[in-house]
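Some notes on the structure that comes next.
The values are calculated or read from the model by the stated rules, or taken from the named source; none is laboratory data. Bear in mind that the values here come from a model prediction, so they are computed numbers and not experimental data. Cβ atoms come from the backbone with ideal geometry, glycine included; neighbour counts cover every protein chain shown.
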Amino acid sequence: MTQLLHIQASPNPVSHSREVAEALIARYRMLNPTGDLRLADVWQLDLPEFGAEMIAAKFAVLRSQQATEGQRRHWARAVEHATAFNAADHYVINLPMWNLGLPYKLKHYMDVVTLPGENWSWSRDAGYRPLLGGKRAVLIYSSASAYGADGFSTQGHQDTQKAAMRTWLGFLGIEVLREIVVAPTSSDPSALTTLKQAAREEAESAAHALLSR
């Protein structure tokens, strides 16, 4: 049985990216009624802070030092989230652009679940190695402005959103199967309706692609 994890990164209940993601998931459910669908809403998850205490716990545990009980407990919380993330076969991630990049809660989630020994490894001989090969993701973006293939808007602003997501997933070995863009959301209502309809159709097609490979 395949598992799909929907990583929901918009706090807005009427989010454009969320609406398109839900269209994909509805089609995925129809095509794969026995599939296991999970939700990770980064705005609702109880994520541990990845501050000094977590860093100390990380190195104490990974370097087999004398980790305290509190450090082990703190690290176990991060591992729990990483385990849930790793369990999926397919990922659907919807995210709005914030200040040309990622919503901070999504970055927090990424930092918590990206753990050595859980989904990547390192050695002096081999360097960094991804551990999640064979998994696939569909990314659904929204932004007020449109960005060209060069990553810049007509006003010269650089989009760091997409590069960050591609780099992160590639580091873990997850293939980015499709990228769906709802932009510019600052369009007039009629144009925005047309943009969203096209994105929903692309999302439904992506559901077929996830299950056909």
**Complete:** When the range 59-93 is checked residue by residue, the ones that are touching a Leu at 6+ places or on another chain (Cβ under 8 Å), within 17 Å of Asp41 (Cβ to Cβ) and not small (Gly, Ala, Ser) are His81, Phe85, Tyr91, Val92, Ile93
**Item:** Set Asn99, Asn94, Asn86: member being closer than 25 Å to Gly134 by Cβ, without any contact (Cβ under 8 Å) to a residue 60 or more places away in the chain and not acidic (Asp, Glu)
**Value:** Asn86
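Please enumerate the residues belonging to the range 117-133 that are exposed (fewer than 13 other Cβ atoms within 10 Å of the Cβ), more than 16 Å from the chain's Cα centre (by Cα) and not charged (D, E, K, R). Write out each step before concluding.
First pass over the range 117-133, keeping only residues exposed (fewer than 13 other Cβ atoms within 10 Å of the Cβ): 117, 122-129, 133.
Those still in the list that are more than 16 Å from the chain's Cα centre (by Cα) too: 117, 122-129.
If the condition is that a residue be exposed (fewer than 13 other Cβ atoms within 10 Å of the Cβ), more than 16 Å from the chain's Cα centre (by Cα) and not charged (D, E, K, R), then Gly117, Trp122, Ser123, Ala126, Gly127, Tyr128 are the ones that fit.
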**Item:** Single residue of Leu4, Leu45 found to be in contact with a Phe, Trp or Tyr (Cβ under 8 Å, 6 or more places away or on another chain), farther than 30 Å from Thr193 by Cβ and either small (Gly, Ala, Ser) or not in a helix (DSSP H, G or I) (or both)
**Value:** Leu45
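Restricting attention to the range 84-96, does a residue exist that is modelled with pLDDT of 95 or more, in a helix (DSSP H, G or I) and farther than 22 Å from Lys162 by Cβ? Write out each step before concluding.
So the first thing to find is which residues in the range 84-96 are modelled with pLDDT of 95 or more, and the list is 84-96.
Restricting the remaining residues to those that are in a helix (DSSP H, G or I) gives 84-86.
Pick out the ones that are also farther than 22 Å from Lys162 by Cβ and you get 84, 86.
Scanning the range 84-96, I find at least one residue that is modelled with pLDDT of 95 or more, in a helix (DSSP H, G or I) and farther than 22 Å from Lys162 by Cβ, so the answer is yes.
Within the group Ser10, Ser15, which residue is among the polar types (S, T, N, Q) and under 13 Å from the mean Cα position of the chain (by Cα)?
Ser10
For (1) closer than 15 Å to Leu169 by Cβ; (2) small (Gly, Ala, Ser); (3) surrounded by fewer than 19 Cβ atoms within 10 Å (Cβ to Cβ), each residue gets a yes or a no:
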site	(1), (2), (3)
Leu45	no, no, yes
Ala56	no, yes, yes
Arg77	no, no, yes
Phe85	yes, no, no
Ala88	yes, yes, no
Tyr109	yes, no, no
**Message:** So, in the range 1-25, exactly how many residues are among the aliphatic types (A, V, I, L, M) and exposed (fewer than 14 other Cβ atoms within 10 Å of the Cβ)?
**Reply:** 2
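One line per residue, one yes/no per condition, for (1) without any contact (Cβ under 8 Å) to a residue 24 or more places away in the chain; (2) out of contact with any Cys (no Cβ under 6 Å at 6 or more places or on another chain); (3) farther than 24 Å from His6 by Cα:
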site: Leu131; (1), (2), (3): no, yes, no
site: Tyr141; (1), (2), (3): no, yes, no
site: Ser145; (1), (2), (3): no, yes, yes
site: Phe152; (1), (2), (3): yes, yes, yes
site: Thr160; (1), (2), (3): no, yes, no
site: Ser190; (1), (2), (3): yes, yes, yes
site: Leu195; (1), (2), (3): yes, yes, no
site: Arg200; (1), (2), (3): no, yes, no
site: Ala203; (1), (2), (3): no, yes, no
**Complete:** From the option list Glu22, Glu53, single residue qualifying as acidic (Asp, Glu), without any contact (Cβ under 8 Å) to a residue 40 or more places away in the chain and under 20 Å from Val182 (Cβ atoms) is Glu22
**Request:** Say whether the condition of being within 19 Å of the chain's Cα centre (by Cα), surrounded by 14 or more Cβ atoms within 10 Å (Cβ to Cβ), within 25 Å of Arg27 (Cβ to Cβ) and basic (Lys, Arg) is met by at least one residue in the range 196-209.
**Result:** yes
**Given (1) under 24 Å from Ala137 (Cα atoms); (2) polar (S, T, N, Q); (3) crowded, with 18+ Cβ neighbours inside 10 Å, number of the condition Gln71 does not satisfy** = (1)
